[in-house]
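A short reminder: the numbers here are calculations on the coordinates, not readings from a lab. What you see is a predicted model; the values in this text were computed from it and never measured. Here the Cβ positions follow ideal geometry from the backbone for every residue, glycine too, while neighbour counts run over all protein chains shown.
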Amino acid sequence: MSNAIRCVLLGTLAFLLAPGLAAQDTLRVTQVVVEGETVTLPGGGTGTVSTIQTSLFTNRNAEVGFSVDVQGDDGVWFGDAPIWLNSQATSHTLTGAEFTMGIGDNGEFIYSPSIDGNDGVWTDQGYLLADGDPAPGFEGDTLVTFNSRPTMGANGTAYWVAGVNDGAGGTSTVNRALYMSTDRTPATTSVVLRSGDIVGGFPLAGGSDGIGFNYEFSDDGTHHILGLVLETGSSTDDNVVYVDGAIVAREAHPNGSGIDNWDNFDIHRILDDGTYGFTGDTDGSTATDEFIAINGTIVLREGDVVDGVTLGSGVVAFDLNADGLVVFGWSLTSSSDEGLFVADISDIPGTARLVARTNDLLDTDGDGTPEWVLTDVNPSASTGQGAGALAPDGTFFISLGVEPVGGGTEVDGAFAFDFGGGDECEQDLTATLDDPNPAPGDVMTFAVTVTNNSPDPAPLDLWLVATGPANKTVRLGGGTLPG
């Protein structure tokens, strides 16, 4: 399948506003599910969605997964419906579900419920591990004390972080381990990394540190990016970002900017080709310390002006794909004013476009009439791996807070934006305006013609980048151009 082609129409068009008016765009998005919606249950019948977790995940097929509560019964959402609920377990009692989970390409999943009252991980194959079990890969009477932050590669390999005791009994966590299981069963469970292993000349810390909850493995399992804590002798320089066996960033060490140092790290991402990115803070001025880094180089900072808006104090979402597409969310004028941006990885500051912002209107059925007002971009730096999920085809899944148009109760929901891939427009693109010199407040009409220069059909993603008193970027639509 060819990559979708992003065609951008530049011009001073429909979003020229009279002074003092605020822009409120209507965006075409796909509604996966919202709280209060009636859905089909795995065993038949229907139920009402009570809670949708803020961490969303995807696979190479652009399917979405997350932990969900349907009328008090937690479980796993996969694609367009819940596929597993705790009540379906027969040999164990399952309750609750942690916000982090993972899905594979062929219906595989892992999530973290309580199993018979013990903090555990459960998969499409059933029971995997729970606290109180013998710790895989450890000698003697070492027991697991917790299981948390499960994720999954597209190939179905499960990963999670666990705590272990000292082998003398008790539930206190003495060390941490990063586990994996290739077939999601106890038989293939093995230790990837554990407290005490040497990283960059230092042992991994024990106790509640060592292996952080923010980590990611590439879909094919050949690359990793981990947030780790080392025993350096000081708490001021012990946090690191570890990529494929090497430290690429360390707290209190130079970050290459020449103006400050690395300080702390949040969201971690890595692709099958080894391209990676992470977010966090530097130790510099609080007006410029929040950042996004690609392959170890800071490319955006708090205070930067991107597509006419100033980036605020927090990155709330971040992901990238193999087509060179980067999607990120950032707080703007305040924590309640947040924007979503899409960019090309080759020049994120220069190509980033604001595609959604708090107070925008969301059209979920394509009829041109919005159903929702965007009130909140739900993820945050603490969401980690699930802070937005970008599929290879450019579909971006994210948890949003929304309110019905015309007023009503705010609910959380899972939504999908179609960003269609990362290529530039390779086709001929022309536009005709009814007035080439519009004044502020004018409503403009225009015609767009796109010609496919290839004999093969080409997916099309058409965007309008409008400049004026208000700079706005809106997706006009998409489809397939005949060859």
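Quick notes on this one:
- Computed E for ALA439/THR26 - FRET, C-beta separation, R0 30 angstrom, nearest 0.05: 0.85
- Pair-distance profile P(r), taking every C-alpha pair of the stretch 295-350, with 10 angstrom steps and integer %: 24, 59, 17, 1
- Kirkwood Rh, angstrom, the stretch 55-132 [1 / mean 1/r, Cα pairs]: 12.3
- Based on the reciprocal of the average 1/r between different C-alpha atoms, the Kirkwood radius for the stretch 118-219 equals 13.6 Å.
- Take the Cα of ASN359, step 7 Å toward its Cβ, do the same at SER382, and the gap between the two points is 2.7 nm.
- Protection proxy ranking, peptides 195-203, 66-74, average beta carbon neighbours within 10 Å, highest first: 66-74, 195-203
- Sequence-ordered 3J(HN,Hα) estimates for the stretch 95-100 from the Karplus curve with 6.51, -1.76 and 1.60 and θ = phi - 60° stand at 9, x, 6, 5, 6, 9 Hz, glycine and proline given as x.
- Förster radius 30 Å - calculated FRET efficiency between ASP244 and ASN61 (Cβ-Cβ, nearest 0.05): 0.70
- Stretch gain in nm, segment THR90-THR286, where the contour uses 0.36 nm per residue and the Cα spacing is subtracted: 65.3 nm
- Order of MET101, MET180 under a 10 Å beta carbon neighbour criterion, fewest first: MET180, MET101
- Ranking of ASP237, ASP141 by count of other Cβ atoms within 10 Å, fewest first: ASP141, ASP237
- Two-site FRET efficiency, GLU410 against ILE198, from Cβ-Cβ distance with R₀ of 45 Å, rounded to 0.05: 0.40
- Virtual spin-label span in nm between THR51 and ASP367, 7 Å along Cα→Cβ: 3.3
- When peptides 346-357, 394-405 are ranked by their average number of other Cβ atoms within 10 Å per residue, the highest-first order is 394-405, 346-357.
- Cα shape, the stretch 159-214, gyration tensor, a/c 1.5 rule: oblate
- Along the axis of the charge dipole computed for the chain (Cβ charges of +1 for Lys and Arg, -1 for Asp and Glu, origin at the Cα centre), the listed residues GLY221, GLY284, GLY394 are led at the positive end by GLY221.
- Derived from the Cα gyration tensor, the three semi-axes of the equivalent ellipsoid of the stretch 295-390 are 22, 16, 14 Å, largest first.
- Of the peptides 126-134, 302-310, 318-326, the ranking by mean beta-carbon count within 10 Å, highest at the top, reads 318-326, 126-134, 302-310.
- Surrounding net charge for ALA89, when Lys and Arg each add one and Asp and Glu each subtract one, Cβ distance under 14 Å: -4
- Footprinting exposure proxy for THR90, THR145, THR30 (fewest neighbouring C-beta atoms within 10 Å first): THR90, THR30, THR145
- Shown for the stretch 239-350 is the translational diffusion coefficient from the Stokes-Einstein equation, using the Kirkwood radius over Cα pairs, a temperature of 10 °C and a viscosity of 1.306 mPa s: 112 µm²/s.
- Which label in (1) 23.4, 80; (2) 54.1, 165; (3) 44.9, 141 gives the computed Rg and Dmax of the Cα atoms in Å: (1)
- The Cα center of the stretch 397-414 and the Cα center of the stretch 169-248 differ in position by 37 Å.
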